[in-house]
Amino acid sequence: MSADAEKVSLDPNMTIAIQVAQLEDSLPPTGRRIAAALQENYPAAGLDTVASLARDAGVSSPSVVRFVSQLGFHSFREFQEALRDELGGRDASALSQARAVSKRPHDRLDGHREHLAEGVHLTLSDGNRAAFERAVDLLTAARTVIALGGDYSRVAADHAVAELCPLRANVRPLPETALRIAAELADARADDCWLVLDFRRYDGRTLRIAEAARARGVKILLITDRWRSPIEAFSESTLVARVETAGASDTLVPAMALVEALSDAVEHQIGAPALERLEVIDPLRQRIGPR
C-alpha cells in the first residue's frame, strides 16, 4: 500500500470489520494480510500494539500504520479508540440505553418510522450480499434446518421456521429443555444448518449450544448485529441486522425483514418443488382450521 494511497471515508454507522471486509478486494496483498489478521481476531487484534498486529499479519509496522491511515484514521491510537467505542456500544445494557434516551427530546412516530426504515434499508443493503447468497445456499441444501435465538430473538427464529417450513421439509425450532437440545445435538450431521440469531448482550446459552452444534459438524448460519456475536468466529455465514433504535430497546424489525428476504430467496431457489409442497400444505392447514 503506497504512502499516498487514497483514503476512504468510513461510515460511523457500520463497524470497522464490515467496512474492511467491503474494501478487502481493492486492497494490495499487504493490506489484505492486515485485514485478514484483524478479522480473524476482531477486535482484539487491533487493540494490541502496532507491532503485534504487524506480526500477526506478517507485515512491517509501517505497513499497519499506512493501512489505518487509508481507513481514514490519523493515527493507530485513533483507530484503537474507534474499536473501543464499538465495544462500548456492543456491551451497552438496556438500562444504560434507557438512561441515555431519557436525556434526549422524545422522538414521536416520525422519528421511529425513519429509524426503522433506515434499519431495514441498511440491513438489506449490498454489504450483506455475498453472505446472503451463501445463507440461501445453506438453507436450501441442508438436510435439516434448526432455528434458535435468545430471550428476544427467539421470536425471529420462530418466524424463520414459519416462513421456511412450508417451502421445504425438516425445518423446526430448537427445543427449550436441555434434554431435548442434547438429543438434537446427538442427531446432528455435517449436512445440517442451524440458523442462530444472537444480538448484543449476547446470550451465553446460545453461544454454548452453537459451539456444541459446530463441534458436531453442523453449519452455523448467524444473524447478528453490527457489533458481531462471538458466534461469528465459527459461523459458515454471518448476516448483520441493524437492530439499534432511537429508543431504549433494540428492534427485531430489520431482523424480521432479513428473515423474510431469505425465505423469499429460498423459495425461488427451490423452485417448483416448493410450490408443490405449498399446494399440499395449504389445503391441510385450512382443513385443520385455526387454534
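Worth pointing out:
- Check on G88, surrounded by fewer than 18 Cβ atoms within 10 Å (Cβ to Cβ) and modelled with pLDDT of 90 or more: no
- Counted residues, segment 142-160 - those being closer than 18 Å to L185 by Cβ and either hydrophobic (A, V, I, L, M, F, W, C) or part of a strand (DSSP E or B) (or both): 7
- Annotation note: Cβ proximity below 7 Å between a residue of segment 126-148 that is open to solvent by less than 80 Å² (accessible area, probe 1.4 Å) and a residue that is assigned to a loop (DSSP other than H, G, I, E, B) and of a type in the set (A, V, I, L, M, F, W, C) (sequence gap 6+ or interchain) occurs for I146/L174; A147/L174; L148/L174.
- Restricted to segment 168-183, and to residues there that are of a type in the set (A, V, I, L, M) and surrounded by 10 or more Cβ atoms within 10 Å (Cβ to Cβ), the residue that is nearest to R154 (Cα to Cα) is L174.
- Exactly one residue out of R113, R168, R201 is outside any helix (DSSP H, G or I), over 30 Å from I281 (Cβ atoms) and not acidic (D, E), and it is R201.
Residue by residue, here is whether (1) open to solvent by 20 Å² or more (accessible area, probe 1.4 Å); (2) in contact (Cβ under 8 Å) with a residue 24 or more places away in the chain; (3) among the polar types (S, T, N, Q); (4) touching a strand residue (DSSP E or B) at 6+ places or on another chain (Cβ under 8 Å) holds:
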residue	(1), (2), (3), (4)
W227	yes, yes, no, no
A233	yes, no, no, no
S237	no, yes, yes, yes
P254	no, yes, no, no
E267	yes, yes, no, no
G271	yes, no, no, no
E276	yes, no, no, no
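- Residue check for A54: open to solvent by less than 50 Å² (accessible area, probe 1.4 Å) and within 23 Å of the chain's Cα centre (by Cα): no
- Meets criteria (farther than 20 Å from A274 by Cα, open to solvent by less than 10 Å² (accessible area, probe 1.4 Å) and not in a loop (DSSP other than H, G, I, E, B)) for A186: no
- Test set (1) farther than 21 Å from L139 by Cβ; (2) of a type outside the set (K, R); (3) open to solvent by 40 Å² or more (accessible area, probe 1.4 Å) - G204 fails condition number: (3)
- Which numbered condition A213 misses (of (1) modelled with pLDDT of 95 or more; (2) open to solvent by less than 10 Å² (accessible area, probe 1.4 Å); (3) under 16 Å from the mean Cα position of the chain (by Cα)): (3)
- Residue within segment 21-43 that is open to solvent by 50 Å² or more (accessible area, probe 1.4 Å), at pLDDT below 85 and in a loop (DSSP other than H, G, I, E, B) present: yes
The values are calculated or read from the model by the stated rules, or taken from the named source; none is laboratory data. No experiment lies behind these values; they were computed from the predicted model shown. Cβ atoms come from the backbone with ideal geometry, glycine included; neighbour counts cover every protein chain shown. The accessibility values were calculated without ligands, DNA or RNA, using every heavy atom of the protein model including side chains. Shrake-Rupley method; radii C 1.70, N 1.55, O 1.52, S 1.80 Å.
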